[in-house]
Amino acid sequence: MVRAPQLTHLGTGSLGPGEIVAQGEQEPDYVSAFAACKSLVCLSGFREINAHYLPAIVPVCANLTSLNLSYATISTEQLKSFIYHCHKLQTLWVLDSVCDEGLQAVAATYKDLHEPVQVSFGRD
């Protein structure tokens, strides 16, 4: 991502430490990687997300128009920790793990979503 700062759409897969980091190697610097992508407007594809890494997406939130978290099990508090930074959001997909309180926070923040919030039911 640091090498492609002009990136506008990104499907992430997993966001976390992944494989165990070998001794002497550093964990990926997700904050710097996301901060380098000033043109990012669409973020999707989170299959798994470690709550520790959620703050890493805050640098791109201001320009996001579409955020798809429909495969990421996140809590209401985790959603609220970054959703207020997504000022231009037009499309939002989430799992039902965000509960009613999370949806209320979205409704209070985004009066002009172009599409209704898409809520997917969790995996059993």
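Structure above, values below:
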read-out	value
Subset of the range 35-56 (residues that are without any contact (Cβ under 8 Å) to a residue 40 or more places away in the chain, of a type in the set (A, V, I, L, M, F, W, C) and not in a loop (DSSP other than H, G, I, E, B))	35, 42, 43, 46, 49, 51, 54
Subset of the range 54-88 (residues that are of a type in the set (Ser, Thr, Tyr) and in contact with a Gly (Cβ under 6 Å, 6 or more places away or on another chain))	76
In the range 17-48, the residues that are surrounded by 15 or more Cβ atoms within 10 Å (Cβ to Cβ) and either over 15 Å from the mean Cα position of the chain (by Cα) or modelled with pLDDT under 75 (or both)	28, 36
Residue 100 surrounded by fewer than 16 Cβ atoms within 10 Å (Cβ to Cβ), at negative phi and in contact with a Gly (Cβ under 6 Å, 6 or more places away or on another chain)	no
Residues of the range 57-100 classified as within 21 Å of residue 33 (Cα to Cα) and in a helix (DSSP H, G or I), total	10
Odd one out for residue 114, checked against (1) out of contact with any strand residue (DSSP E or B) (no Cβ under 8 Å at 6 or more places or on another chain); (2) under 27 Å from residue 35 (Cβ atoms); (3) of a type outside the set (A, V, I, L, M, F, W, C)	(1)
Residues (of a type in the set (D, E, K, R), closer than 18 Å to residue 43 by Cβ and at pLDDT 85 or above) located in the range 68-124	80, 88
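The values are calculated or read from the model by the stated rules, or taken from the named source; none is laboratory data. The structure displayed is predicted, hence computed values, not measured ones. When we count neighbours, we look across all protein chains shown, and the Cβ atoms used for this are built from the backbone with ideal geometry, even at glycine.
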